[in-house]
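First up is the structure itself, then whatever we jot down about it.
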Amino acid sequence: MLKKSMKKIKKTVKSVSKKRAEEPAKKNIQEEKKLILAAGLEDDEQLVVKGPKGKLPSLLRGMKDVLPKDWPYWKKIYHTAENIAEAYGFGYMETPVLEEASLFTRSIGRGTDIIEKEMYVFDDRDGTRVGMRPEFTAGAVRAYISHGMHTLPQPVKLWSFGQLFRHDRPQAGRYRQLHQFNCESFGAHDPAVDAELIVVAYNFLRDLGIETIVQMNSIGTSEDRQNYLVELTGYLRTKRSYLCEDCKKRITRNPLRVLDCKNESCRPTLEEAPQIVDWLSEASKNYFMKVLEFLDELEVPYTLKPTLVRGLDYYTETVFEIYEDPSTSSGQAPSAGSTGSPQAGAGQQSALCGGGRYDLLVGELGGPPTPACGFALGVERVMTILRRKAEENKDKIEKESGGVFFAHLGEQARRRTLKMIEDLRRDGVVLHHSLGKTALKAQLELANKFAVAYTLILGQKEVQDGTIIIRDMESGIQEIVDQKKLKSELEKKTKI
Ligand code: HAM
C-alpha cells in the first residue's frame, strides 16, 4: 500500500516538474513571436526555444537553420539554378568563404554599406586580416585572375551557389547568413552578354513560377560619371539639411552612394536629384539601348529606373534589379530604394536579384583589363515567395518529394516489410515507415504527418497472395496491385 502511494507521489512530482520546465520554454516562444512580429519578420521565421539560461548557446541573430521541412524548397531552387546555369553554358565554381579582407574592400568600395557596416572581418591566427565573403563577385574575379582564366576562350561563364555573410540589421528578407545563386560572365563587352544574364535570372524565376519585373538603368563609364558627380554633389550640398547623417558624410566621400540611401526620410530629396542618364556619352547610351532592344526581343518585361545605382562601387554602364511582379504578389510596389534592400516601412518589396556590368574590376585587382557582367539572386527571398505560393495554392511542395509511406498489419507482414522496403529503396523510391507501430490507424496518422501522396499497406492476406494495397492519401481510394508490378505502378503515380 505504502509502495503504491509512494509511486503515485513520485509520478505527480515528476509531472509537475515537467510542466514547470515547459512553462519558461512556452513563455520564451511567445516573447520571441512578439519580437519577431514587432520586427516585421515573416511567419516562417524560426522560433528557437532557448534552453535553461547559460546552458544552450542560442542561434545567432540573423542566422537560420535549414530544417528537413525547408529542404524540398532548397532542392527545387538549387536544381533549377543548376539546370538553367548549365543550359546557358556556365561552369560551376566555388571560392572559399574566407578571403583576404582587402579583396572585398578594394572591390566593393570603402564608402558602401557592406564595407562600412556589414563585413565580418577578423585577424586569422597567423595575423592575416581576413573577411567572410559578403558576395561572390570579388572572389570570382580573384579566381579568374589567379587561375589565368583570361587565357581560356572568352567569355568565361561561371556560376556559384552558397552562403555569404553580412552583419546587416535582421528583418524580413534580410539575414546575416544569406545564400545566393550567382552568375558571372568574363571577357566580353557586348550588350548581348548583359541581356543573356538578365534572361538567365528572369527564366530561373519564371521556371520557379515567379512572375517578375526587371528594373534597368545605366550608370555609364567612369568618364561619364565625372561630370555627373560634380552636378550631383552640388545638388546634394544645397539639400544637405534634408539628408540623414550618413548621407551628409557621403556627399564628399562617395556622392553616388547617397542615391543608394535606405533611409525613407531622404527619399523625396533623392527622387529630385539630377539623373545619371542625362550625362551618358553617346557610346554608353547606344550600348544601353542595345541591351534594352535585346530584352524587347526576348520579351523580358522591364521598367527604366533612373535612380537605380546599386549598393556596390564596381559597376559601370548596365545595372539591374529584379522584383516580383506586384500584380502577382501581395499587391506591394517595389521600394523606392535602389539597393534592393527592404526598407523599414510597410508595403515595401525586396529585390530578388541584383547585378550589372563591371568592366574595370579585373584590371583594378591586378588582372589584364577584362570586361565583365553578372548577377546574384537571393535564395532566402525566393524561398519565401515559393512558400507563400505553396500556401496560396494549397499546393504541397513537400508532397511532391515526400515519398511513400509503408504500413504493415500483423507480424508476418512486418517481417516481409523490411525486405520490400530495402528492394524499393534500391529502386530509388523514397520511403517512410514505422516498424515499431502495430496499429494501422497510428501508421496512417504518421503517413499524413509526412504529407505523402500514397501509402502502401501490407497485411497477412497480401503477404500470402503476393499483392499490396496502394492507398491514395487524399481521396482514400485503395487499389490492390501485384507486388511484382509495384515499382512500375509507383512510377506511374509519383513519377519517381
Ligand atoms: P546584392 O544586390 O548585394 O548584389 O545582392 C543580390 C541579392 O542578394 C539581392 O537582390 C537579395 O535578393 C540578396 N540579398 C542581399 N543581401 C541580403 C541579405 N542580407 N539577406 C538576404 N538576402 C540578401 C550582389 O551581391 C552582387 N555581387 C551581384 C552581382 C554579381 N553583381 C555582379 N555580379
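The values are calculated or read from the model by the stated rules, or taken from the named source; none is laboratory data. Since this is a predicted model, take the numbers as computed values, not measurements. FYI the Cβ positions are ideal-geometry reconstructions off the backbone, even for glycines, and counts take in every protein chain you see. Surface areas here come from the heavy atoms of the whole protein model, side chains and all, with no ligands, DNA or RNA. Shrake-Rupley method; radii C 1.70, N 1.55, O 1.52, S 1.80 Å.
Residues of region 138-156 that are farther than 16 Å from ALA188 by Cα, free of Cβ contacts under 8 Å to residues at least 60 places away in the same chain and either part of a strand (DSSP E or B) or not small (Gly, Ala, Ser) (or both): HIS147 alone. Considering LYS69, LYS64, the condition of being at pLDDT below 95, out of contact with any His (no Cβ under 8 Å at 6 or more places or on another chain), more than 16 Å from the ligand (Cβ to nearest atom) and in a loop (DSSP other than H, G, I, E, B) is satisfied by LYS69 alone. May I ask you to verify whether ARG142 is within 12 Å of the ligand (Cβ to nearest atom) and under 25 Å from the mean Cα position of the chain (by Cα)? Answer is no for this residue. Residues that are more than 16 Å from ALA376 (Cβ to Cβ) and touching a helix residue (DSSP H, G or I) at 6+ places or on another chain (Cβ under 6 Å) within region 100-129 comprise LEU103, THR105, GLY111, ILE115, VAL121, ARG129, listed in sequence order.
Comparison of TYR287, TYR314 shows that the only residue that is open to solvent by 10 Å² or more (accessible area, probe 1.4 Å), assigned to a loop (DSSP other than H, G, I, E, B) and touching a residue at least 12 places away in the same chain (Cβ under 8 Å) is TYR314.
Taking region 176-198 as the region of interest, how many residues are open to solvent by 10 Å² or more (accessible area, probe 1.4 Å) and either more than 14 Å from the ligand (Cβ to nearest atom) or more than 25 Å from GLU380 (Cβ to Cβ) (or both)? Counting residues in region 176-198 that are open to solvent by 10 Å² or more (accessible area, probe 1.4 Å) and either more than 14 Å from the ligand (Cβ to nearest atom) or more than 25 Å from GLU380 (Cβ to Cβ) (or both) gives 8. Is it true that ALA273 is part of a loop (DSSP other than H, G, I, E, B), over 27 Å from THR384 (Cβ atoms) and open to solvent by less than 30 Å² (accessible area, probe 1.4 Å)? It is true that ALA273 is part of a loop (DSSP other than H, G, I, E, B), over 27 Å from THR384 (Cβ atoms) and open to solvent by less than 30 Å² (accessible area, probe 1.4 Å). Just give me the residues in region 105-115 being outside any loop (DSSP other than H, G, I, E, B) and within 14 Å of the ligand (Cβ to nearest atom), in sequence order. SER107, ILE108, ASP113, ILE114, ILE115, listed by residue number.
A count restricted to region 411-432 and to residues that are in a loop (DSSP other than H, G, I, E, B) and either at pLDDT 90 or above or surrounded by fewer than 16 Cβ atoms within 10 Å (Cβ to Cβ) (or both) stands at 3. The numbered conditions (1) within 16 Å of the ligand (Cβ to nearest atom); (2) touching a strand residue (DSSP E or B) at 6+ places or on another chain (Cβ under 9 Å); (3) open to solvent by 10 Å² or more (accessible area, probe 1.4 Å); (4) part of a helix (DSSP H, G or I) are all true for PHE204 except (3).
Among the residues making up region 351-385, those that are in a loop (DSSP other than H, G, I, E, B) and either open to solvent by less than 20 Å² (accessible area, probe 1.4 Å) or near the ligand (Cβ under 6 Å from one of its atoms) (or both) are ALA351, LEU352, TYR358, GLY367, THR370. Within region 117-137, take every residue that is basic (Lys, Arg) and assigned to a loop (DSSP other than H, G, I, E, B) and give me the one that is farthest from the ligand (Cβ to nearest atom). Only one residue tops the list, namely ARG125.
May I ask you to verify whether ARG166 is within 8 Å of the ligand (Cβ to nearest atom), farther than 21 Å from LEU361 by Cβ and open to solvent by 10 Å² or more (accessible area, probe 1.4 Å)? Answer is no for this residue. Hey, any hits in region 216-239 for a residue that's touching a Pro at 6+ places or on another chain (Cβ under 9 Å), part of a loop (DSSP other than H, G, I, E, B), assigned by TED's automatic domain parsing to the domain that holds PHE294 and at negative phi? No: zero hits.
Of all residues in region 465-478, one or more are open to solvent by 80 Å² or more (accessible area, probe 1.4 Å), at pLDDT 85 or above and in contact with a strand residue (DSSP E or B) (Cβ under 7 Å, 6 or more places away or on another chain).
Just the residues that are buried (at least 18 other Cβ atoms within 10 Å of the Cβ) and more than 34 Å from the chain's Cα centre (by Cα), please, taken from region 215-228. Hits for region 215-228 are ASP224, TYR228. Looking across LEU280, LEU259, LEU295, one residue alone is under 18 Å from GLY111 (Cα atoms) and either within 16 Å of the ligand (Cβ to nearest atom) or touching a helix residue (DSSP H, G or I) at 6+ places or on another chain (Cβ under 8 Å) (or both). It is LEU259.
On inspection, LEU424 fails the criterion of being more than 31 Å from the chain's Cα centre (by Cα) and farther than 22 Å from SER488 by Cβ.
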